[in-house]
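Take a look at the structure set out below.
Derivation of every value follows stated rules applied to the coordinates shown; laboratory data play no part. Note that the coordinates shown come from a computational prediction; the quantities given were computed from them, not determined experimentally. For neighbour counting, all protein chains shown are included, and Cβ atoms are generated from backbone atoms with ideal geometry for every residue, glycine included.
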Amino acid sequence: MADLTDFELRLFEWIKQSDFESVAWSSKKAARSFKCKESEIFEGVASLTKKLPNRIQIYYEDGNVHIAAE
């Protein structure tokens, strides 16, 4: 996890502590929580899936995006 930026690390920890497996993911809500642009959230999540492929899973179910992290 040493190669994560500060933003990516904070985003990953936030995802881990949240329940986006049962509650649908919202990039807009994430951007409000992090006080950043939605595009930064998209880039951060995309980067996490590349840097931590075995620790984060993004899936689509019942019309919603869900994210699981460990």
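Worth a mention:
- Taking amide H atoms as placed 1.01 Å from N in the peptide plane, the amide H of Ser18 has no partner under 5 Å among residues 5 or more positions away or on other chains.
- Net charge dipole size for the chain [Lys, Arg +1 and Asp, Glu -1 on Cβ; Debye, nearest 20]: 240 debye
- Integer Hz, Karplus 6.51/-1.76/1.60 couplings in order for the range 8-22, x for Gly and Pro: 4, 5, 5, 5, 4, 4, 5, 5, 4, 7, 9, 10, 7, 7, 9
- Plainly put, the chain has a radius of gyration that is 0.93 times its Kirkwood radius, both from alpha-carbon atoms, as the Rg/Rh ratio.
- Nearest-0.05 FRET efficiency for Val23 and Thr49, computed from C-beta distance (R0 25 Å): 0.80
- Helix-only [θ]222 nm of the chain, DSSP H runs n ≥ 4, -39500 (n - 2.57) each, per residue, nearest 500: -15000 deg cm²/dmol
- Note, ³J(HN,Hα) from phi for the range 23-29, Karplus 6.51, -1.76, 1.60, rounded to Hz, x at Gly and Pro: 9, 4, 6, 9, 5, 5, 5
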